[in-house]
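For reference, the structure discussed in these notes is given below.
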Amino acid sequence: MQNNYRRVAALIALGIISSEPFSGPVQAEQQEELRTKVEQLDQEIKILKRQLELQKEASAEKAKTTPLLTAGAGGFSLQSADTNFVLKLRGYIQADSRFFLDDHSAGTANDTFLLRRVRPIFEGTVFEKFDYRLMLDFGSGVTSSAANDAYVQDAYFNAKLWPALNIQAGKFKEPVGLERLQSGGNLLFVERAYPTQLLPNRDVGVMVHGTLFENTLTYQLGAFNGVADGGSADIESSDDEKDIAARIFAEPFKSSDIEGLQGLGIGIAGTYGNREGAPRAYSTPGQQRFFAFRSGAGTAAAPNVVADGENWRISPQFYYYYGPFGLLGEYAISDQELRRDDGAATFGNIENRAWQVSASYFLTGEKNAFKAVNPRKPFALGGEGWGAWELTARVSGLEVDDAAFPVFASPASSANEALSWTAGFNWHLNRNFKVQVNYEQTDFDGGTSSLLQEGEQVLLTRGQISF
């Protein structure tokens, strides 16, 4: 192509020369020769122009069949030219620390650095209407059991039939807890609040969901194997019963002209089913156990408590965002029928409750949201940007039904109430890197251990990279 341009330039120069008047007598054959060369120049230009047109047409045709590979702050993406087939590679890593400011006994958890979550994510689309997602986890403490492969967090597909009707199947979060439904990479605090310990986590099932009324109303309705409070599973190992989970969430002023109400969302969710098997214990923000049901050999000296019967949960929830300010709250009730085996069988019913209210404010003026926030001026060494600075605060509590003691839980080793307050600071250096610092203090009612008598004071930190 470069040679062609040089040739055209030479011919143009020749044409200019041919147009200059001659100072002396010029033979007729010389004029004819110059005229011929000018005509050749014109022909060469036409040919070159056509070649360029053909190259453009070929490039446009090739673009229709050439896959597109992109990389950026949102991850890596490979998609077919018609966008019907998409593969995205994303993920995040959370490097945490836990420092207990007042160790009570040898049984207190150790100060530690840990990898809280290490999650590669593969997601995309096939044949335009069918999305898929696979998220793995290799963080500290992740294990596999007969009921749950914790290395596989999400594994599902979603058929996007219409905006108002999607069908999703596989392993994913049951649509119940508000903070639980928030991505682990977008959490306001290092650890989630107490309501998530009463509500289900990930389970295998099928769900219909969609949005209505110009995306101001979202609904989910699904059938799942069923899991214990705060639990996850990918196979039913305890009973044949299934759970029904439902949620409805409205943002009634999302499209209105009232700016102060556009960020308001309110909803309610719940589950209903029958459950058998071991119930789960409850833990502090520092991940120390403060309540557990009796567990033993099923004898008078070592009774064993299991879930045996009806279980229902309900969770009203809301959030509100206005400018740099954000507020989130939820309440959870879990009601479960229990059986105590101690050589005989004792039946009972307990109703546990948990709640939280969380607030945040961006000192740097970013617009707050339930999803990830991008700093207006990303941090840069030697530059003007310092990222986004966010102050956070939370109060959260969990109350165990008095009926749990002493039949189903030991009043000596388990508290019947925990109340935690948290103060924190989040530094979003850019869209992909975040630093979090939380101070958590927890006080208990009940129990005789040094932890339950004196409470927990823990400093939690996190460095997170996501893409």
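The values are calculated or read from the model by the stated rules, or taken from the named source; none is laboratory data. This is a predicted model, so every value here is computed, not measured. Please note: Cβ atoms are built from the backbone with ideal geometry, for glycine as well, and neighbour counts cover all protein chains shown. Ligands, DNA and RNA are stripped out before the accessible areas are found, and what is left, the full protein with its side chains, is counted by its heavy atoms. Shrake-Rupley method; radii C 1.70, N 1.55, O 1.52, S 1.80 Å.
Is at least one residue of region 50-70 closer than 30 Å to Ile465 by Cβ, open to solvent by less than 70 Å² (accessible area, probe 1.4 Å), touching a residue at least 40 places away in the same chain (Cβ under 8 Å) and outside any helix (DSSP H, G or I)? So far as region 50-70 goes, no, none of its residues is closer than 30 Å to Ile465 by Cβ, open to solvent by less than 70 Å² (accessible area, probe 1.4 Å), touching a residue at least 40 places away in the same chain (Cβ under 8 Å) and outside any helix (DSSP H, G or I). Candidates Ser255, Ser237: the one that is surrounded by fewer than 20 Cβ atoms within 10 Å (Cβ to Cβ), touching a Ser or Thr at 6+ places or on another chain (Cβ under 8 Å) and either within 24 Å of Val152 (Cβ to Cβ) or at pLDDT below 95 (or both) is Ser255.
Do we have any residue at all in region 102-110 that's open to solvent by 20 Å² or more (accessible area, probe 1.4 Å) and within 19 Å of the chain's Cα centre (by Cα)? No, every residue in region 102-110 fails to be open to solvent by 20 Å² or more (accessible area, probe 1.4 Å) and within 19 Å of the chain's Cα centre (by Cα).
Of everything in region 315-345 that is open to solvent by 60 Å² or more (accessible area, probe 1.4 Å) and among the hydrophobic types (A, V, I, L, M, F, W, C), the residue that is nearest to the chain's Cα centre (by Cα) is Phe318.
Looking across region 154-206, the residues that are of a type in the set (Phe, Trp, Tyr), open to solvent by 20 Å² or more (accessible area, probe 1.4 Å) and within 18 Å of the chain's Cα centre (by Cα) come down to Tyr156, Phe157.
Where residues in region 239-261 are free of Cβ contacts under 8 Å to residues at least 60 places away in the same chain and among the small types (Gly, Ala, Ser), which of them is nearest to Ser334 (Cα to Cα)? Among those residues, the one meeting the criterion is Ala250. Would you be able to say whether some residue in region 374-393 is farther than 30 Å from Gly91 by Cβ, touching a strand residue (DSSP E or B) at 6+ places or on another chain (Cβ under 8 Å) and open to solvent by 40 Å² or more (accessible area, probe 1.4 Å)? No: region 374-393 contains no residue that is farther than 30 Å from Gly91 by Cβ, touching a strand residue (DSSP E or B) at 6+ places or on another chain (Cβ under 8 Å) and open to solvent by 40 Å² or more (accessible area, probe 1.4 Å).
Residue-wise test of (1) modelled with pLDDT under 85; (2) among the hydroxyl-bearing types (Ser, Thr, Tyr); (3) in contact with a strand residue (DSSP E or B) (Cβ under 9 Å, 6 or more places away or on another chain); (4) more than 25 Å from Ala159 (Cα to Cα).
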residue: Gln43; (1), (2), (3), (4): no, no, no, yes
residue: Lys46; (1), (2), (3), (4): no, no, no, yes
residue: Lys62; (1), (2), (3), (4): yes, no, no, yes
residue: Leu68; (1), (2), (3), (4): no, no, yes, no
residue: Gly72; (1), (2), (3), (4): no, no, no, yes
residue: Phe76; (1), (2), (3), (4): no, no, yes, no
residue: Ala81; (1), (2), (3), (4): no, no, yes, no
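Can you find even one residue in region 209-221 that is open to solvent by less than 10 Å² (accessible area, probe 1.4 Å) and touching a strand residue (DSSP E or B) at 6+ places or on another chain (Cβ under 9 Å)? Checked against the condition, which is being open to solvent by less than 10 Å² (accessible area, probe 1.4 Å) and touching a strand residue (DSSP E or B) at 6+ places or on another chain (Cβ under 9 Å), region 209-221 yields at least one hit. When region 143-153 is filtered for residues that are within 24 Å of Gly75 (Cα to Cα) and surrounded by fewer than 15 Cβ atoms within 10 Å (Cβ to Cβ), only Tyr151 remains.
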